[in-house]
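**Q** Okay, here's the structure, questions in a sec.
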Amino acid sequence: MAYSYSEIMGVVAQGGFDVRGSNYGSYLEARMVDCARTAAEPILWLFFAQLLYYALVILHSIFRPCLGNRVPEAMDWTLKALKITRDARAEKTTLAEAKAQEEKGLLSYRMDMNPNYEEATMALNFNPEDMGASPPSERQVVKASTGMSLHKLEEQFERNAAVKLHEAEAPRGPW
């Protein structure tokens, strides 16, 4: 006996244990079909969004000679409506401000300018000759000195420790 979804839900909700047990297969099938319909909806919306995007790309490529410069103008209008700037002349930061920010390391992709990678930079710049190792033989290729010696590392460590100690000893708050 095949029930519809609403009928089987009504039978299970109003029936006793014996009725539920005898209709459990139909109930399980109805619940799985309901779950499949509900679970597929987000994927369906994503599919429609992707379909719309590709339809617009294809239509734009087909009608590009007819549209001329209207599509870039529409894109610029949309960006302007969303308050997104693509024009370098609209940038408010001056060259002097950008250079000051770069000196602080805010605009640099260099690893040695980033304080989070200070230890990694020191490890990459490590030179065993600074620790008194024997000079390399003639067969080994000597790399150019990369900068930081052990003495410089010790000085930098002492400066950092002094700053941290000063910060810890400084009084905090109004008490």
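The values are calculated or read from the model by the stated rules, or taken from the named source; none is laboratory data. Keep in mind that this is a model prediction, so the values were computed, not measured. FYI the Cβ positions are ideal-geometry reconstructions off the backbone, even for glycines, and counts take in every protein chain you see.
**Q** Taking the condition aliphatic (A, V, I, L, M) and either assigned to a helix (DSSP H, G or I) or modelled with pLDDT of 80 or more (or both), does ILE84 pass?
**A** Values: aliphatic (A, V, I, L, M): yes; either assigned to a helix (DSSP H, G or I) or modelled with pLDDT of 80 or more (or both): no.
Considered against the rule, which asks whether it is aliphatic (A, V, I, L, M) and either assigned to a helix (DSSP H, G or I) or modelled with pLDDT of 80 or more (or both), ILE84 comes out as no.
**Q** Could you list all residues from the range 31-57 that are among the small types (Gly, Ala, Ser) and either modelled with pLDDT of 85 or more or not in a helix (DSSP H, G or I) (or both)?
**A** ALA49, ALA55
**Q** In the range 69-76, is there at least one residue being surrounded by 11 or more Cβ atoms within 10 Å (Cβ to Cβ) and not in a helix (DSSP H, G or I)?
**A** No: zero hits.
**Q** Please go through the range 7-32 and give me each residue that is surrounded by fewer than 11 Cβ atoms within 10 Å (Cβ to Cβ) and within 45 Å of the chain's Cα centre (by Cα), ordered by number.
**A** MET32 - this is the single residue of the range 7-32 that is surrounded by fewer than 11 Cβ atoms within 10 Å (Cβ to Cβ) and within 45 Å of the chain's Cα centre (by Cα).
**Q** May I ask you to say which residue of LEU150, LEU124 is surrounded by 10 or more Cβ atoms within 10 Å (Cβ to Cβ), modelled with pLDDT of 70 or more and touching a Ser or Thr at 6+ places or on another chain (Cβ under 8 Å)?
**A** Criteria check complete, one pass: LEU124.
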